[in-house]
Every structure is written in structure tokens, then in C-alpha cells.
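In what follows, a single structure is set out as C-alpha cells and then discussed.
The values are calculated or read from the model by the stated rules, or taken from the named source; none is laboratory data. Remember, it's a predicted structure, so these values are computed and weren't measured experimentally. Here the Cβ is made from the backbone with ideal geometry for all residues, glycine too, and neighbour counts use every protein chain on show.
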């Protein structure tokens, strides 16, 4: 009896192939994808939605950007360090609070952002202008005022990004919200708070330095007066000292002591005056490179790029899952489909399924 077409199809697994293994693998993958097209299509849709849906749900956003550079005051520090060295006090040559990293951390510190949260901002509301804080504008909820402020602070923290250039020391920060006007105002307010913080810090530091120099001035003044008294006593007791070499050397020693203490006292007096000036100086210690302004255009959402990326990722993930299902069916983990008609015969040839004994007998009988 001649073998039936079903028997020939079932024996395809044991016959040599007329095509190259690479071509057979590609054909096999295509057949698996076609067979599980619903799974692949669902994977493509899910991945595309995961990438495209968030920016659509979030809506349009506006980003205001500003940049600044810290202005170092190492000249004053070097002057005070030199004076302190004359009294045997070691002062570090560099100050970490003058580094760009310090200013970047201060910009995102809790105290500074909390002041930004409690500040008032003027925004458009249905054609009219109104003032409100970020708790109201962000619609932060909470049982207490502290809890509402904390929620608004966390949202503001997520809206701020800070970048620092190690080559130039420039700090660039940005604020992103759903309102162009609000983004620009928050960015400007953060810069104002940062400048106020640094001016206050500089004044406090200068006041402390003025107190330190004043104490040293009192000590240097007392030492100078003591040296002057010794010189005066020597001159009173030795009016004709120039005729004696020993008395002449003693006079020169006392005179040098007075001159040295006079130089120290003069330098301390100048430093004290400068410190008092710095204590009341309100000059900003940061240089604004780009002042934040209200953005004109909304942020790009890149929906097309995200859609294409979701399509590729979904197709790859769906193909991998389809191949996994086929492999699970071959090893018996996934329940196999029964082979019956012409379509199932083509599936058996493409996937290399084993034929059940019942089906083989049925085919041979036919």
C-alpha cells in the first residue's frame, strides 16, 4: 500500500533537508511568528503603549533652564591664612564651600526648596492672574500643613535636574512643570534663594573672621606696647648708648622688636577693616551665566521615536515568547495541539512535531 501524504509529512523530520540550515531556521521562525501572530501583535501593542502612553497621560510640559558659576573668594582666605600663620595657626588653603559641587547640593537642599515651596507665584487662571504657593498649584493633599508641604517638596524635587561641568565649573539646572510661566518663576526663585543664602553665609563668615582678627589685634597691640616700653626704658637709662658697641646692639634689637610688632599690628588692622566691610557686603558670590526665563515652546515628547522603539521591542519580545511556546510544546511542558487537517499537517512539517500513534494508523488506513 502506498504511503499517504500524511505519512510522508510525518516522516519529514527524518529526511535530509534540501535547504541550508540557516534558511530553514529563518523559515521556521517566520512560521512560528505567523502561527502565533496574536501573541506577537499583543506584545507589540503592550510595549508601544508602555512607551507612548506616559507622555500622553502626563500632558505637555515646559522646562526653564538657568546656569551660573561660583565666584571664588580665595584672595581673602589667603590673606587671613597668612595672618594666622604668624601666630602659629594653620588654616586650610582651599575651601570646600567654594566648589561647584557645594552650590549644586545647596540648590537641591531641603531648606532652600522648602522656601521655594512656601513662596508665592503668579500664574494664569482662566484668563486672570492669581498668586498661590506650590502646595495649591501642585494640588498637594495631606491632613496637616507639614504633610502638604512635604508632598509639594517631593514633587518639586522630581521637577528639578542639576548638571555640573567638571571642566568649567558651570552649573546648569532646569525646572519642568505643566505651566511655562510657573517653570520660569520657580527657576528664577531658586536662583534668588541661592544668592541670598550665599550672601548670608559670606556675611556670617566675615563676621566670625572680624572677631578673630580683633582678638589678634588686641594681643598684637599689647605686645607692641610692651616692646615700646622696653625701648623707652632703655633710652632713658642709656642716653649715650652710641659710644658703647654693646649698648648699640641692644638698642638695635629692641628697635627691631618694635618694628616687627608694628608691622603685624598694621596688617591685622587692615585685615580687620576688610573683614568688617565683607560682613555688611551684599554682593552676590555667584555669576549668572544664563538667567532663567519663561519657556516659549513645550518639551518634545518624541512620540514617533518611542512608538518605533516600542514596535521593535514588542516584535522582538513577541517572537521570543512565540519561540518559547513552541519549544515548550516540543519538550512536553506546553500542551500540544492535535494534528488533524491540512493546516495541522503544515504545522507538523514546519515545527517538526511528532505524530501520535493514533493519527499514524488513521493515515495508513486511509
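Things worth noting here:
- In region 232-269, residue surrounded by the most Cβ atoms within 10 Å (Cβ to Cβ) [restricted to those that are more than 19 Å from residue 217 (Cα to Cα) and touching a residue at least 24 places away in the same chain (Cβ under 8 Å)]: 254
- Residue check for residue 229: assigned to a helix (DSSP H, G or I) and at pLDDT 85 or above: yes
- In region 150-163, the residue that is nearest to residue 181 (Cα to Cα) out of those that are in contact with a helix residue (DSSP H, G or I) (Cβ under 7 Å, 6 or more places away or on another chain) and buried (at least 16 other Cβ atoms within 10 Å of the Cβ) is 156.
- On inspection, residue 209 qualifies as modelled with pLDDT under 85, more than 30 Å from residue 300 (Cα to Cα) and in the same structural domain as residue 267 (by TED's automatic domain parsing).
- Options 171, 160; residue that is at pLDDT 90 or above, in the same structural domain as residue 277 (by TED's automatic domain parsing) and farther than 30 Å from residue 277 by Cβ: 160
- Filter result for the condition that a residue is in a helix (DSSP H, G or I), surrounded by fewer than 16 Cβ atoms within 10 Å (Cβ to Cβ), at pLDDT below 85 and in the same structural domain as residue 166 (by TED's automatic domain parsing), over 72, 78, 94: 78
- For residue 140, the criteria (1) in contact (Cβ under 8 Å) with a residue 12 or more places away in the chain; (2) touching a helix residue (DSSP H, G or I) at 6+ places or on another chain (Cβ under 9 Å); (3) not in a loop (DSSP other than H, G, I, E, B) hold in every case but one, which is (3).
- Apart from one condition, residue 167 fits all of (1) closer than 28 Å to residue 55 by Cβ; (2) surrounded by fewer than 17 Cβ atoms within 10 Å (Cβ to Cβ); the exception is (1).
- Any hit, region 43-55, residues being surrounded by fewer than 12 Cβ atoms within 10 Å (Cβ to Cβ) and out of contact with any strand residue (DSSP E or B) (no Cβ under 6 Å at 6 or more places or on another chain): yes
- Output for region 137-149, where each listed residue is surrounded by 17 or more Cβ atoms within 10 Å (Cβ to Cβ) and more than 12 Å from residue 182 (Cα to Cα): 140, 148, 149
- Among the conditions (1) within 23 Å of residue 69 (Cβ to Cβ); (2) assigned to a helix (DSSP H, G or I); (3) within 20 Å of the chain's Cα centre (by Cα), the only one that residue 174 does not satisfy is (2).
- Test for residue 315: is it part of a helix (DSSP H, G or I) and crowded, with 17+ Cβ neighbours inside 10 Å: no
- Residues (surrounded by fewer than 20 Cβ atoms within 10 Å (Cβ to Cβ), in contact with a strand residue (DSSP E or B) (Cβ under 8 Å, 6 or more places away or on another chain) and either without any contact (Cβ under 8 Å) to a residue 12 or more places away in the chain or assigned to a helix (DSSP H, G or I) (or both)) located in region 111-136: 129, 130, 131
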